[in-house]
Amino acid sequence: MTLIEEINKRRTFAIISHPDAGKTTLTEKLLLYGGAIHLAGSIKSRKTQRHAVSDWMEIEKQRGISVTSSVLQFDYAGCRINILDTPGHQDFSEDTYRTLMAVDSAVMILDAAKGVEAQTKKLFKVCRERRIPIFTFINKLDRYGKIPLDLLDEIEKVLGIPAYPMNFPIGIDGKYLGVFDRQKNLIELFAEDTTHGQKERASEIFAADDSEVIKRIGQENFDALQDDLMLLDEAGEVFDKKKIDAGELTPTFFGSAMTNFGVKNFLEEYLRLAPPPAPRLSSDGVIVPEDEKFSAFVFKIQANMNPAHRDRLAFIRICSGKFERNMTVWHAPSDKIIKLSQPQQFLAQDRQIIDEAFPGDIVGLFDPGIFGIGDTLTDAAHKFKFEDFPTFPPEKFARVQAKDTMKRKQFAKGIDQLTQEGAIQLFNQVGAGTESYVVGTVGTLQFEVLQYRLKAEYGVDILMTMLPFEVARWLKFSDGAKVSPTNLRGTDRGMFVLDRAENPVLLVENEWALGWIRDNNPKLEMNATPFQS
């Protein structure tokens, strides 16, 4: 198969949603229909149920939430599918934002009862800014929810993107019998779900004008469907593939991931409409996937996916050319030629060594500590850098130290690795010694994960003291003078710390305190993220 043929069969996408909209459940069902698993799990933490494949961390299984993105790959209908299942909770949005850098499209899940929720808006905004094509799956049709037409209207009014319903539910609220496929003009009626969603759901396909349909669904449901379809045809959006590709129109599907209602239809239509790997911006211009010269970037670092081996993996998104096992590439940050050994592909934490991969694929590389998030890898003869990853200022802070000073070494290693993953941001308070660190996060739930992972993966119990600060600012003087507590007025109103690169940072409680410091240091420049050199 040629490089272009391999590229065209790839589909790489992230699944985004507000917490509890059904993101991980839909991921599990796509794996079920794709043949990657034979019995779908549950994300609920009940001892009698299987856990979702994509939730591989022990804390995810216990809490019933996703706290880190996971990579899932399988083949279906001639396509190689790379799913990046992302955390829905806003406290882990940094991980989700980085993951969105590595995909070519996104699947947005909405709860039929709740519609567009707060975190959905934030994640949608990121997709919109990056012009990522967005496919919408309105979930939980097995429960009572909003009227389908109202949900379509809400998408347009709240998110500002028109929605084109690819299918439309048949029946009444909470008791839908099937869906009408608007593109194929076919009706799919589902058999009763007898496996609680653990196996594929049987269905039958009928022509839209088949008299058997009325017998199955009843005249009232049939008439209601006709009225809704007429309204959509007259006042709804027109299908436009160019607008879909540009992220200006979202194809919308109705279904229930829990009961496998409409999941197979969604998967097949997504694969038909979703774009193959897209070009990427770089310091050398636009890099197209079909370029024979290899390029990729690191978008995620994950330690201890296999606790028995205490391993550390760098996840790369291949952007152009062909990846081959043991190939040598240029590593942009170190300006060195390195060998890419032990390449792996994934079904969550289950993995296998591979010999080759192509643009759109996600590959895990053994990381001895040289990789960082955002690193560019290229063919040694064609050196360039991909665009920088976004960074986010921490908003919550705590001082952490090991309870047992004899475990100082394990504590330092764990903190260092979790910092390199991007799970936390690390600071040292000037003059405070090295027995403790100041840790910054975007959300408070990350502290719970930090405490859990240090205990579970490094055997370290920690003492954690929450700090009152909610604002961090990187500092420099406009005249080039060195920033230190001795030549900075107002450090008594906050905490003066250094980040991992020894850059000065000031932590304060609020914007008012920040204003006071700014007024009393007229040559001081402040930034919410590190200054670019």
Exercise. For the range 383-399, name all the residues that are open to solvent by 40 Å² or more (accessible area, probe 1.4 Å) and more than 18 Å from Pro530 (Cβ to Cβ).
Key: Lys383, Lys396, Arg399
Quiz item: Restricting the search to the range 421-458, which residues are small (Gly, Ala, Ser), out of contact with any Leu (no Cβ under 9 Å at 6 or more places or on another chain) and assigned to a loop (DSSP other than H, G, I, E, B)?
Solution: Gly422, Gly431, Ala432, Gly433, Gly443
Quiz item: Counting only residues that are part of a strand (DSSP E or B) and open to solvent by 10 Å² or more (accessible area, probe 1.4 Å), how many does the range 11-30 have?
Solution: 1
Practice problem: Consider Met495 carefully, then state whether it is under 31 Å from the mean Cα position of the chain (by Cα) and either open to solvent by less than 80 Å² (accessible area, probe 1.4 Å) or in contact (Cβ under 8 Å) with a residue 12 or more places away in the chain (or both). | Solution: no
Quiz item: Quick one: would you say Ala402 is surrounded by fewer than 17 Cβ atoms within 10 Å (Cβ to Cβ) and of a type in the set (A, V, I, L, M)?
Solution: no
Self-check item: Lone unmet requirement of (1) without any contact (Cβ under 8 Å) to a residue 60 or more places away in the chain; (2) under 19 Å from Phe358 (Cβ atoms) for Asp311
Solution: (2)
Self-check item: Residue that is most open to solvent (accessible area, probe 1.4 Å) [pool: residues in the range 343-367 that are outside any strand (DSSP E or B) and at pLDDT below 85]
Solution: Gln349
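Residues checked against (1) under 27 Å from Tyr97 (Cβ atoms); (2) open to solvent by less than 30 Å² (accessible area, probe 1.4 Å); (3) within 30 Å of the chain's Cα centre (by Cα):
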position	(1), (2), (3)
Asp416	yes, no, yes
Asn428	yes, no, yes
Leu450	yes, yes, yes
Leu467	yes, no, yes
Gly480	no, no, no
Thr486	no, no, no
Ala513	no, yes, no
Pro522	no, no, no
Quiz item: How many residues, within the range 241-260, are open to solvent by 10 Å² or more (accessible area, probe 1.4 Å) and either under 30 Å from Glu200 (Cα atoms) or outside any loop (DSSP other than H, G, I, E, B) (or both)?
Solution: 6
Practice problem: Write out, first by first residue and then by second, each pair whose Cβ atoms fall under 6 Å of each other, whose residues are 6+ apart or on separate chains, and whose first residue, in the range 283-295, is outside any strand (DSSP E or B) while the second is of a type in the set (Val, Ile, Thr). | Solution: Pro289/Ile7; Glu290/Ile4
Quiz item: Looking at (1) part of a loop (DSSP other than H, G, I, E, B); (2) under 18 Å from Gly115 (Cβ atoms), can you tell me which one Asp153 breaks?
Solution: (1)
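Out of all the residues in the range 132-158, which are under 22 Å from the mean Cα position of the chain (by Cα) and either open to solvent by less than 20 Å² (accessible area, probe 1.4 Å) or at pLDDT below 90 (or both)?
Listed by number, the residues that qualify are Ile132, Pro133, Ile134, Phe135, Thr136, Phe137, Ile138, Asn139, Ile155.
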Quiz prompt | Residue among Val263, Val298, Val238 that alone is of a type in the set (A, V, I, L, M, F, W, C), surrounded by fewer than 17 Cβ atoms within 10 Å (Cβ to Cβ) and on the phi < 0 side of the Ramachandran plot | solution = Val238
Quiz item: When the residues of the range 71-100 are filtered to those that are open to solvent by 10 Å² or more (accessible area, probe 1.4 Å) and in a loop (DSSP other than H, G, I, E, B), which remaining residue is modelled with the lowest pLDDT?
Solution: His89
Quiz item: Out of Thr465, Thr486, Thr419, Thr444, which single residue is polar (S, T, N, Q), out of contact with any Gly (no Cβ under 7 Å at 6 or more places or on another chain) and without any contact (Cβ under 8 Å) to a residue 60 or more places away in the chain?
Solution: Thr486
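The values are calculated or read from the model by the stated rules, or taken from the named source; none is laboratory data. These numbers come from a predicted model, not from an experiment. All Cβ positions, glycine included, derive from the backbone under ideal geometry; neighbour counts span all protein chains shown. Side chains are part of the model used for accessible areas, which takes the heavy atoms of the whole protein and leaves out ligands, DNA and RNA. Shrake-Rupley method; radii C 1.70, N 1.55, O 1.52, S 1.80 Å.
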